[in-house]
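**Q** So that we are looking at the same thing, I have put the structure below in structure tokens.
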Amino acid sequence: MKANLKYNAAWLGVMVLGFVVIDACEFLGIINSFIENMLVTIGINIILATGLNLIIGFSGQFSLGHAGFMAIGAYATGIITQTLVTPIGFYLSVVVGIVIAIIAALIVGIPTLRLRGDYLAIATMGAAEIIRILINNLKITNGAAGLFNIPPLVTWATVYVFMCVTTIVTVNFIHSRSGRAVMSVREDEIAAESMGINTTRWKLAAFVFGASTAAIGGSLHAAYIQTIAPGDFNIMASIAILIIVVLGGVGSITGTFIAAIVLGTLDTVLQNFGTLRMIIYSLALILIMIFKPSGLLGTWEFSFKRLGSRQRKEQSVHE
Amino acid sequence: MSSPLLTAQQIVKSFGGLTAVANVSVHFDQNELIGLIGPNGAGKTTLFNLLTGVTPVTSGAISLYTDQGVQSLNGKKPAEIAQAGISRTFQNIRLFKELTVLDNVRIAMTNHYREGFFTSIFRTPKFYRTEADMTTAAQKLLAIFDLTGVADQPAKNLPYGIQRRLEIVRALATKPKLLFLDEPAAGMNPEETADLTRLIRQIQHDFHITIVLIEHDMSLVMNVVERLYVLEHGALLAEGTPSEIQQNPAVIKAYLGGEA
């Protein structure tokens, strides 16, 4: 218990330090609006990709419709905050987005996750398209033109805090009885079932969890960027999130962080190269697939606990 | 006469035109050690799969006798059957390879511990208590089977014999009343088989459960089991004690061929 407290405190320290560093840079003028935009995009991508990694890397189900759930959150925020222009309105819209995303995930997940295999990939891809086309044709969402002038109720600090909270919650979920049950499904579905694990239920839990974090990412995106259109949430958007997960390591949250940061920075640095950017991007992916198919970090995770026990071991060796 | 634990009456499984299991009736009693033998393709593993719900029966009735009375297992999913108290190992080891030995065992305990969603994501004191309880229980089980030293290793790193042992430990962690072992000695050398024989006896003695075992290694089967079923071509050929079976002309014919 006390040991756990120490590691939790270490993580809290890292998070506070990150906040202070960004805040100081902001204060000193090192971070201009251009770089801030990059940092916020990275933060939102981390939220989206950790959720997707939970689905793909930990429960072993393949989802291709993450942008669809993101769209639900984004439009919930876009619509609600236009009438309720307060922070409370924003938080309410986040909750509404999560609830709708959960319902949508249940509708897609319940029939497909009962089956073994990659049915979820097709179903989620279809569901994301349905969501996009609905948004495209509804009056309340302003059709293909999208929503603009969404009140800027989100600062980089909000995104940072949300990023930390969703990551903590996701990691805690993974390192619990539920997380282990979810991973057993990835490892061997038949064996898991024979051990009394209700595989459908746990797959659904991971999928719904991932979908609700996507909605959070969408809400933040809408409130920060202030303009959203159905085209922002097409299949390419889903694939962009998938790339982060695959590049970082399927089953590694640490990897997701690194990949989101690397790709986000690369994206900004290469902005002037136009279409050449996409070539560099794809080249990087091909190289990764050839030399490190499990992603940059595979399933490796950074852990203060392991670091602590290693140091203790080394100390005892030296003594 | 001891009381029954599981009975299967007239169960049939056909895959299209092929009848893999034909009208087989078996009964396993409380605290019994039963062997299931037969030539390759006789339908032994299929019978296990039917009894554990991995494949549904075409016809016939399977009933489990519990403290709450008789329970029909027909149409139940494998997870429900496992929760009812039936656990198993697999012919081709199916461990959670990338996960640690400890996690393999803790996963099998999932249904015996309650840990709410919000308890775990917000790490309340109750979460740490439940986790500690689970870990202690798992370590205790690992200690009984000499696996404490490898508790933090991924299961895939273990030698073959130890993997088989871990699979048995994992099955026991679900607290079964009935344990199916599908060829536990396959691929083991004589020394490992002797260890396994001791292990199976120890399990039955310490855990007071019924064990059904599919095995080709006759030295193991004849040494440990109290009663044997012999399957051939999906049908029950004989039933009896090991010495009865060894003298049964039909069994000798099935195994050695020729006129007996």
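**Q** I'd like the mean, over residues of B:126-135, of how many other protein chain beta carbons sit within 10 Å of each residue's own Cβ.
**A** On the way: counts 0, 4, 3, 1, 2, 4, 1, 0, 2, 0.
Going residue by residue through B:126-135 and averaging, the value is 2.
**Q** Continuing with this model, one more query. For peptide A:166-174, how many partner chain Cβ atoms fall within 10 Å of a residue's Cβ, on average?
**A** Values: counts 0, 0, 3, 5, 1, 1, 6, 3, 2.
The mean count of partner-chain Cβ atoms within 10 Å per residue comes to 2.
**Q** Too long at a 29 Å Cα-Cα cut-off: which of B:K13/B:K97; B:K44/B:K97; A:K6/B:K175? Intermediate values should be presented prior to the final figure.
**A** Details: B:K13/B:K97 31 Å; B:K44/B:K97 26 Å; A:K6/B:K175 35 Å.
The pairs that break the limit, which is 29 Å between Cα atoms, are B:K13/B:K97; A:K6/B:K175.
**Q** Enumerate the helices in chain A for which the Kyte-Doolittle hydropathy averages 1.0 or more and the C-alpha atoms extend at least 18 Å along the helix's axis, using complete DSSP H runs.
**A** Numbers: long enough: A:2-28 (38 Å, 1.07); A:33-53 (29 Å, 1.31); A:66-83 (27 Å, 0.78); A:87-112 (37 Å, 2.35); A:119-137 (27 Å, 1.15); A:156-174 (27 Å, 1.75); A:199-225 (39 Å, 0.75); A:235-248 (20 Å, 3.06); A:253-269 (24 Å, 1.69); A:276-291 (22 Å, 2.47); A:304-318 (21 Å, -1.75).
Qualifying helices: A:2-28, A:33-53, A:87-112, A:119-137, A:156-174, A:235-248, A:253-269, A:276-291.
**Q** Apply 1/(1 + (r/R0)^6) to the Cβ-Cβ distance of B:D133 and B:Q71, taking R0 = 30 Å, and write down the FRET efficiency to the nearest 0.05. Don't skip to the answer; put the middle values down first.
**A** Numbers: r = 28 Å, r/R0 = 0.94.
That pair, B:D133 with B:Q71, gives E of 0.60.
**Q** Follow-up question, since we're still on this one. Please work out how much length the chain gains when fully extended from B:K140 to B:N223, using 0.36 nm per residue of separation minus the C-alpha to C-alpha distance, in nm with one decimal.
**A** Working: separation 83, 0.36 × 83 = 29.88 nm, distance 2.82 nm.
Length gained, B:K140 through B:N223: 27.1 nm.
**Q** Moving on. If I model a spin label at B:Q153 and A:S33 as a point 7 Å from the Cα along the Cα→Cβ vector, what separation in nanometres do I get?
**A** 6.0
**Q** Apply the a/c threshold of 1.5 to the C-alpha gyration tensor of segment A:31-138 and tell me whether it is rounded, prolate or oblate. Don't skip to the end; give the middle numbers.
**A** On the way: a/c = 2.20, a/b = 1.44, b/c = 1.53.
It comes out oblate by the Cα gyration axes.
**Q** Once R0 is set to 60 Å, what does the formula 1/(1 + (r/R0)^6) return for the Cβ-Cβ distance between B:Q91 and A:T268, expressed as a FRET efficiency to the nearest 0.05? Write down the numbers at each step before the final one.
**A** Values: r = 54 Å, r/R0 = 0.91.
For B:Q91 and A:T268, the calculated efficiency is 0.65.
**Q** Now a separate question. What is the Cα coordinate range of the protein assembly as shown on the first, second and third principal axes, sorted by size from largest, in whole angstrom?
**A** 93, 67, 47
**Q** Let me ask another. Taking every DSSP beta bridge that has both residues in segment B:4-256, what percent is antiparallel when rounded to the nearest 5? Show your work: numbers first, answer last.
**A** Working: 23 of 39 bridges.
So the antiparallel bridges amount to about 60 percent of the total.
**Q** Which distance in nm do the two modelled labels at A:F304 and B:N40 give, with both placed 7 Å along the Cα-to-Cβ direction?
**A** 5.7
**Q** Measuring from a point 7 Å past the Cα of B:S3 along Cα-to-C-beta, which residues in segment B:13-34 have an amide N at less than 13 Å?
**A** Backbone N within reach: B:29-31.
**Q** Please give the average number of partner chain Cβ atoms lying within 10 Å of the Cβ of each residue in A:10-19, rounded to a whole number.
**A** 0
**Q** Just name one of A:V159, A:S184, A:I197: the one whose Cα is farthest towards the positive end of the charge dipole of segment A:35-233 (beta-carbon charges, Lys/Arg +1, Asp/Glu -1).
**A** So the residue furthest toward the plus end is A:I197.
**Q** On to the next question. Run the simple label-point estimate for A:V85 and B:H216 please: 7 Å along Cα→C-beta, distance reported in nm.
**A** Reported label-point gap for A:V85 and B:H216 is 7.9 nm.
**Q** Counting each DSSP H run of 4 or more residues in chain A as -39500 (n - 2.57), what helix-only mean residue ellipticity at 222 nm follows after dividing by all residues, to the nearest 500 deg cm²/dmol? Walk me through the numbers before you get to the answer.
**A** Values: 13 runs with 236 residues, N = 319.
Using -39500 (n - 2.57) per qualifying helix, the result is -25000 deg cm²/dmol.
Taken together, the values in this text are just the output of simple stated rules run on the coordinates, not laboratory data. Only a predicted model underlies this, so the values are computations on that prediction, with no experimental measurement involved. Heads up, the Cβs are rebuilt from the backbone with ideal geometry, glycines too, and the neighbour counts pull from every protein chain shown.
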